[in-house]
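Asker: Dropping a structure here in structure tokens format, bear with me for questions.
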Amino acid sequence: NKPTAFIQLILKLLQIQPEKEIVVEFIKNEDFKYVRALGAFYMRLVGTPLDVYQYLEPLLNDYRKLRLVTGSKVASHEGRDLKFPERMAWAGYEVTY
């Protein structure tokens, strides 16, 4: 069970901690919607409230659809000790209680 490529790229960005200018260039990239989404998600995680407002508000006008990848993996509390359900959700599991 492997995390999605998007989550792997977010983790890599969190590890290398690129300069804000690089992330802004990701966000300004209009040719590749997934690069733009990656930059926006990273900015939302690590940016200041002013940065989030300044750089992500214009993205509200971008109506392109992103493909949602869902798996059939389901985790439940039955038979498992779910101490961190949010980690299970990030790993691609649908957490049910």
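Asker: From the Cα gyration tensor of region 6-71, with a ≥ b ≥ c the square roots of its eigenvalues, which class applies: rounded if a/c is under 1.5, or else prolate if a/b is larger than b/c, or else oblate?
Answerer: Working: a/c = 1.66, a/b = 1.08, b/c = 1.54.
Oblate, because a/c is 1.5 or more while a/b does not exceed b/c.
Asker: Which trypsin sites (Lys or Arg not before Pro) in region 1-56 sit in a loop by DSSP (not H, G, I, E or B) and have at most 15 other Cβ atoms within 10 Å of their own Cβ?
Answerer: Working: sites: LYS12, LYS20, LYS28, LYS33, ARG36, ARG44; in loops: none.
Passing sites in region 1-56 do not exist.
Throughout, read-outs are computed from the coordinates displayed, never taken from laboratory work. This structure is a prediction, so every number in the text was calculated from the model and none was measured. All Cβ positions, even for glycine, are placed from backbone atoms using ideal geometry, and neighbour counts span all protein chains on display.
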